[in-house]
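Here is the structure we will look at, set down as structure tokens.
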Amino acid sequence: MVVEVEYWKSLVSGLGKPKIPILPYEPEHRQLPPRILDVFSAWKGIESVLGDLITRFDVGTGRCLEFGVERGYSTAALSCFFDSVTGVDTFVGDKHTGEWSDLYDSTLSRLSNFDNIRLVRSNYQNWIGHDDSRYDLIHVDIIHTYADTFACGLWSAMHSQCVLFHDTESFPAVKRAVIDIARKSGKTFYNFKEFYGLGILI
């Protein structure tokens, strides 16, 4: 596995800094939301702890932003808990999803009955360059490099009460980026180890 230079730089530079604690997140309750899509997703399982997470950390339920929609599984689950969900994605995959076909039309159709979901075809770079609004929760599930996760995640930490990061257990670069974002933003890092890992900054 090729590990990017930015990841190694972060590891080395972090040696002389105080360690950021990673607190275990263990849900007290698990319940499936009322609306779940019947599509393949590595996110399956996480939807069952969303209600517990939102309650435990007293997360507002007004506005949610998601970077990385793919087939819409997580988007649909999040829509059960928030008044509005904006999903941002290029819909053409990346080297980590292994999916290169254009998923926009099929995902738009699949989510057409969800009145509180809005899909935007864009990369995260363009989105964060023009959006200065606040969200209750932001979900980051983009290409799993250190540099991209840090850039998107730091902006998200500055624009929301709570940020979720998928794949903290399956991609060391993602977990490392979340550690550095926690250090820079002052947020607390909780980690849910199941279902490939879910980082929670609050």
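The values are calculated or read from the model by the stated rules, or taken from the named source; none is laboratory data. None of the values given here were measured: they were computed from a predicted structure. Backbone-built Cβ (ideal geometry, glycine too); neighbour counts: all protein chains shown. These area figures cover heavy atoms from the full protein model, side chains too; ligands, DNA and RNA do not enter into them. Shrake-Rupley method; radii C 1.70, N 1.55, O 1.52, S 1.80 Å.
Annotations
- Once the Cβ-Cβ distance of Lys9 and Ser170 is raised to the sixth power relative to R0 = 25 Å, the FRET efficiency obtained is 0.70.
- Within the full protein context, the accessible area of Thr149 is estimated at about 0 Å² for a probe radius of 1.4 Å.
- Note on the range 111-138 and the range 47-77: Cα centroid distance 13 Å, given to the nearest whole angstrom.
- The phi torsions of the range 156-171, fed into the Karplus equation with coefficients 6.51, -1.76 and 1.60 and a -60° offset, translate into couplings of 4, 5, 7, 10, 8, 6, 9, 10, 10, 10, 7, 6, 6, 8, 8, 10 Hz, rounded to whole numbers, with Gly and Pro shown as x.
- Of the trypsin sites (Lys or Arg not before Pro) in the range 118-202, the ones in a loop by DSSP (not H, G, I, E or B) with at most 15 other beta carbons within 10 Å are Arg134, Lys193.
- Remark: spin-label model distance Asn126-Arg30 equals 3.9 nm, labels positioned 7 Å along the Cα→Cβ axis.
- Estimated 222 nm signal from helices in the chain, with DSSP H stretches of n ≥ 4 weighted -39500 (n - 2.57), rounded to 500: -9000 deg cm²/dmol
- Close amide-amide hydrogen proximity is noted between Thr90 and Ser122, each under 5 Å apart and 5 or more residues distant or on a separate chain (H modeled in the peptide plane; Pro and chain starts excluded).
- The alpha carbons of the chain occupy a box of 51, 37, 32 Å along the principal axes, longest dimension given first.
- Along the chain, longest interval not containing exposed GluC sites (Glu not before Pro), exposed being DSSP loop plus at most 15 other Cβ atoms within 10 Å: 100-193
- Ranked by how many other beta carbons lie within 10 Å on average, peptides 196-202, 36-42 from highest: 196-202, 36-42
- In the chain, lysine pairs closer than 17 Å at Cα, eight or more apart or cross-chain: 14
- Most to least accessible of Asp141, Asp52 (protein chains only, probe 1.4 Å): Asp141, Asp52
- Paramagnetic reach from Leu108 in the range 65-79 [backbone N under 16 Å; point 7 Å along Cα→Cβ]: 69-72
- Each label was represented as a point 7 Å from its Cα along the Cα-to-Cβ direction; for Lys44 and Ser101 these points are 1.8 nm apart.
- Distances between placed amide hydrogens fall under 5 Å for Leu119 paired with Gly87, all partners being 5 or more residues away or on another chain.
- Accessible solvent surface per residue of the chain, calculated while the other protein chains remain in place, 1.4 angstrom probe, Å²: 48
- For the range 158-202, diffusion coefficient by Stokes-Einstein and Kirkwood Rh (Cα), 37 °C, 0.692 mPa s, µm²/s: 321
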